[in-house]
Amino acid sequence: MSKDVQHNRTDSVKPIDWSRFKKDTTQDGASLRLKHILLNAIRYNFTVWYAEKFASQTGEYLDLGGIRPPVCAALALATAVRFGIYDASVAGLTEKEAVKRAVRIIASAAYSHKANTPKGWGNDWQTAMWANLAGTAAWLLWDELSATDRELVRKMVEYEADRFLTYEVPYCVDDSGNIKYRGDTKAEENAWNSGVLQLATAMMPDHVNRNVWMDKNIELMISAYARPDDLASTKMLHGRQVKDWLKGSNAYDEGTVVNHSIIHPDYMTSIGQVVNAPFPYTLAGMTTPAAALFNADYVYKSLVDLNFKSPPYRAPGGTIYQDGSPDIYYPQGNDWGTHRRMNFAMIDVYADVLGFDNLVTQKGAYWERYHDQMVLDMQSRHADGRTYSARSEDTNAGREQWVALLAARAYEAMWLKHQHKMTFSNEPYTCLWPAGWKGESIGGAAGSCRYSGNRFKIEGAGSIKGAADKVKYIYRQIRGDATISVRIDSMEGADEKAIAGIMFRADLDDDAQEICIGYTAAGRISISYRSKKGEDTHREEIPIAAGHHLPVRLKLERRGGEIKGYYAPDGVQWKLVATRVITADPVDEGNSMGLMTVPDQANTSQDRRTIRYTDPYEPSRISGAVFSFVHIND
């Protein structure tokens, strides 16, 4: 069947492919502290608290009473189970029973959402966050849910994501300097609304609204902790200057925010709901939008190093973080209790893992030890694993479930750090791909992918060399035998080493089995291939007819394990130039065919396994190519 850049869209959920990840036996100090905090919190939440709330209920779905605390607990449990650290001897009940309880909470939350039950919860101030938490827990435990409950979850997440298709992003202060919400930053609100869009775009990558969701997701990410200075910023993020994304600000220039009419450190840590983005995208095998780290370094610096003089601030003044101590200084007071530390520990872990502690004197790993140890010390006061002794320590009614959630989020960050799979991209998401097609940054390659007027355009940095590719890639998944053909209309911004062409990949990892036939800017046909995963790429070039210039047609044909590459020097007659054997599973859903371009610059800038906030989205060298007459038959 010919698909000529056509393929039926689906709104179905794509489960996480856990085979992509190695079993992690992390023994570093931070991971062990977080593991103990998480398991203690699970012991309390799924024995004492669960029994008090739900033991007497016998119906198929629970009356949760409130959505946020139960789904926080469910996500914590799902994280411990899926990442392999659940320990029944610590948690106090078998893994089977614990999963059963978490699934019951997840299913009940989804069932009672208004997407599934008339007059249910949803479409309200904080409901995007709740749907994100419940949906993420469900995604982690997808194989444990019934088909009915999976559909309830899908509809819940879709409903909450679709709320933002035409959403007007709010700001505390507008772009003319007018205060719109006095004493009430919209930073946290924009951050948690971004969260449900992160989840929706990761778990439903082929949804018809996916690119619109992503565009709004990026706007919310950038706006959440936007500063007045950003209103003049010409830095490019996802195809637009930062100033063009914004209609106001939600933070001060130094990175602090005001909520409850005070400079509030707790709400500064809420940027964690934005910088959490690399984790769902990495689980989905996707690159993360660069916007996810926007201004995180400024916010973290304000926690660590910004000095508040007294007066006018509360005595004795100083920095929010206190050197050599887990204590937190609140410059204008604190209305959430005296012992909230898990949010600070989580943001410390994020700063360490994602590298946005680049501006501070003491790094995230230094502070994590103090803040996590205080939580462990608090938990040691209670045999049942709870964290708090008195309401004055944290006045939030869901405080114990909140600790469980944040410990889970932080542990997930450490787990994914050791997987070495996080990548970032600065590509625009405003275009709508032809059905079934996607853009990907293999190996974190910088650049952009676009589609307009039946033509694809790729601008990308990187190379296909050695054991790890770094390439912008527009592709469609295939199963079994397939053929892709294309016309390359133009190449630009490239020297003679640049290549534009078509590719088969067994998966989207940077060391995947692959074969590529391309046209070089020097006027030669290039063949590159990696027969086995993790091996070095082999390369050869073939001269073509003298005087032949663009456009040029290329074709790859897969039959079983054999892949043949062709070009048509006259645009009509195909000429075989290569036959290679790739022993990839022909029915593996990871198989794909698509388009690529690279300047063929060696990937020497940084170890591909290291993700630090060094602004890798400003490439020093880019090549571009335009493709038309793209056909895939499978």
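The values are calculated or read from the model by the stated rules, or taken from the named source; none is laboratory data. None of these values were measured; they are calculated from a predicted model. As a convention, Cβ positions derive from the backbone with ideal geometry for all residues, glycine included, and neighbour counts pool all protein chains shown. Note: accessible area is taken over every heavy atom of the protein model, side chains too, but ligands, DNA and RNA are not part of it. Shrake-Rupley method; radii C 1.70, N 1.55, O 1.52, S 1.80 Å.
Given a 1.4 Å probe and every protein chain left where it sits, what share in percent of the accessible area of the chain is carbon and sulfur? Answer for the chain: carbon and sulfur cover 48 percent of the accessible area. Helical content of the chain, expressed as a calculated mean residue ellipticity at 222 nm, amounts to -9500 deg cm²/dmol (DSSP H runs of 4 or more residues, -39,500 (n - 2.57) each, divided by residue number, nearest 500).
What does the accessible area per residue of the chain come to in Å², with a 1.4 Å probe and no ligands, DNA or RNA counted?
Details: 23860 Å² over 634 residues.
That works out to 38 Å² per residue.
Set the Cα radius of gyration of region 370-445 against 2.2 N^0.38 Å, with N its number of residues, and you get 1.78.
Using C-alpha pairs below 8 Å separated by at least 6 residues, the relative contact order for region 122-199 is 41 percent.
In sequence order, region 272-288 has phi-based couplings of x, 6, 8, 6, 5, 3, x, 7, x, 5, 5, 4, 7, x, 10, 7, 9 Hz under the Karplus curve 6.51 cos²θ - 1.76 cosθ + 1.60, θ = phi - 60°, and Gly or Pro positions carry x. With both labels modelled 7 Å from their Cα along Cα-to-Cβ, the L32 to S628 distance reads 6.3 nm. Note that region 459-585, at 4 °C in a medium of 1.567 mPa s, gets a Stokes-Einstein diffusion coefficient of 87 µm²/s from its Kirkwood radius over C-alpha pairs. In units of the rule-of-thumb radius 2.2 N^0.38 Å, region 85-175 shows an alpha carbon radius of gyration of 1.32.
Scalar couplings 3J(HN,Hα) for region 168-181, obtained by applying the Karplus form with A = 6.51, B = -1.76, C = 1.60 to θ = phi - 60°, are 8, 5, x, 9, 5, 10, 7, 6, 9, x, 7, 6, 9, 9 Hz; x denotes Gly and Pro. In straight-distance terms, cross-link reach from K243 covers every one of the aspartates and glutamates whose alpha-carbon lies under 15 Å from its own, apart from those fewer than eight places away in the same chain; here that gives D174, D175, E219, D229, D230, D253.
If you wrap the tightest convex hull around every Cα atom of the chain and split its volume per residue, you get 153 Å³. On full extension, the segment bounded by L550 and K363 gains 62.1 nm, given 0.36 nm per residue less the C-alpha separation.
Take the Cα of A390, go 7 Å toward its beta carbon, and the backbone nitrogen atoms of region 307-338 under 12 Å from that spot belong to 338. Note on R450: accessible area is roughly 90 Å² with a 1.4 Å probe, heavy atoms of protein only.
State the extension gain, in nm to one decimal, for the chain segment bounded by H418 and E535, taking 0.36 nm per residue of separation less the distance between their alpha-carbons.
Numbers: separation 117, 0.36 × 117 = 42.12 nm, distance 2.15 nm.
Once the chain is fully extended between H418 and E535, it gains 40.0 nm.
In terms of distances greater than 27 angstrom between alpha carbons, the cross-link table entries K438/K575; K438/K555; K533/K564; K96/K438; K497/K532; K22/K186 yield K438/K575; K96/K438; K22/K186.
Taking max minus min of the alpha-carbon positions on each principal axis, region 226-367 gives extents of 46, 33, 27 Å, largest first. Normalising by residue count, region 286-417 has a Cα convex hull of 129 Å³ per residue. Taking only the Cα atoms of region 400-515, the ratio Rg/Rh comes out at 1.06, with Rh defined as the Kirkwood radius.
Counting only protein chains, not ligands or nucleic acids, how are E562, E368 ordered by accessible area (probe 1.4 Å), most first? Can you show the working numbers first?
Numbers: E562 75, E368 5 Å².
Result of the area sort, largest leading: E562, E368.
Taking label points 7 Å from Cα along the Cα-to-Cβ direction, N454 and D124 give a separation of 5.1 nm.
Between D24 and T583, the simple spin-label model (points 7 angstrom out along Cα→Cβ) gives 3.1 nm.
Quick check for you: which residues of region 313-353 have the amide N under 12 Å from the point 7 Å beyond the Cα of Q373 toward its beta carbon? Those under the cut-off are 324-327.
What order do you get for 330-337, 196-203, 63-70 when each peptide is scored by the mean count of other beta carbon atoms within 10 Å, highest first? Write down the numbers at each step before the final one.
Values: 330-337: 16.4, 196-203: 28.1, 63-70: 18.9.
Output ranking for 330-337, 196-203, 63-70: 196-203, 63-70, 330-337.
Full extension of the chain between T58 and K243 gives 61.2 nm of extra length, using 0.36 nm per residue less the Cα-Cα distance.
Here the relative contact order of region 397-461, from alpha carbon pairs under 8 Å that lie six or more residues apart, stands at 24 percent. Normalised by the number of residues in the chain, the average gap of Cα pairs under 8 Å and 6 or more apart makes the relative contact order 14 percent.
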